[in-house]
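**Q** The structure that follows is given in the form of structure tokens.
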Amino acid sequence: MQRSVPIFVEVESLPRSGVFKKLLREALSLGLRPLSLEELKELRKRYRGRKRVYLTEKDKDLEEFFTRAPLSVQYAVYLYVNNKLVEGRQ
């Protein structure tokens, strides 16, 4: 199964799916604050594309996140992942 993660930053090349899964799990373990409606609107304006993440049987935790987490929580996680992508490129 595959899902996609929105990209909001300019990055020359995106890492592999496994790196994204690691970053998603890291973000989920932090218990991030859900984004407000205004923050969601601003973030969506910065949309640059998507990265496919391939899920296997071992990724039930991520599948649950993609299907059950509220959008405000999902986008807080996506924002964290995007910020980590920028940090990794500097």
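The values are calculated or read from the model by the stated rules, or taken from the named source; none is laboratory data. Fair warning: this is a prediction, and the values are worked out from it, not measured in the lab. FYI the Cβ positions are ideal-geometry reconstructions off the backbone, even for glycines, and counts take in every protein chain you see.
**Q** Can you tell me which residue is modelled with the lowest pLDDT among those in segment 1-37 that are polar (S, T, N, Q) and not in a helix (DSSP H, G or I)? Walk me through how you get there before you give the answer.
**A** In the first step, residues of segment 1-37 are kept if they are polar (S, T, N, Q); the result is 2, 4, 13, 17, 29, 36.
Now narrow it down to the ones that are not in a helix (DSSP H, G or I): 2, 4, 13, 36.
Details: GLN2: 91, SER4: 92, SER13: 85, SER36: 97.
So, considering only residues that are polar (S, T, N, Q) and not in a helix (DSSP H, G or I), the one modelled with the lowest pLDDT is SER13.
**Q** Continuing with the same structure: For segment 54-90, which residues satisfy the criterion of being loosely packed, with under 15 Cβ neighbours inside 10 Å, more than 14 Å from PRO6 (Cβ to Cβ) and of a type in the set (A, V, I, L, M, F, W, C)?
**A** Selection gives VAL86 alone.
**Q** So, in segment 66-90, exactly how many residues are within 8 Å of the chain's Cα centre (by Cα) and either under 14 Å from PRO15 (Cα atoms) or assigned to a loop (DSSP other than H, G, I, E, B) (or both)?
**A** Going through segment 66-90 one residue at a time, the tally reaches 2.
**Q** Return the residues of segment 1-49 that are in contact (Cβ under 8 Å) with a residue 40 or more places away in the chain, among the basic types (Lys, Arg) and either surrounded by 11 or more Cβ atoms within 10 Å (Cβ to Cβ) or touching a Lys or Arg at 6+ places or on another chain (Cβ under 9 Å) (or both); say none if nothing qualifies.
**A** If the condition is that a residue be in contact (Cβ under 8 Å) with a residue 40 or more places away in the chain, among the basic types (Lys, Arg) and either surrounded by 11 or more Cβ atoms within 10 Å (Cβ to Cβ) or touching a Lys or Arg at 6+ places or on another chain (Cβ under 9 Å) (or both), then ARG3, LYS21, ARG48 are the ones that fit.
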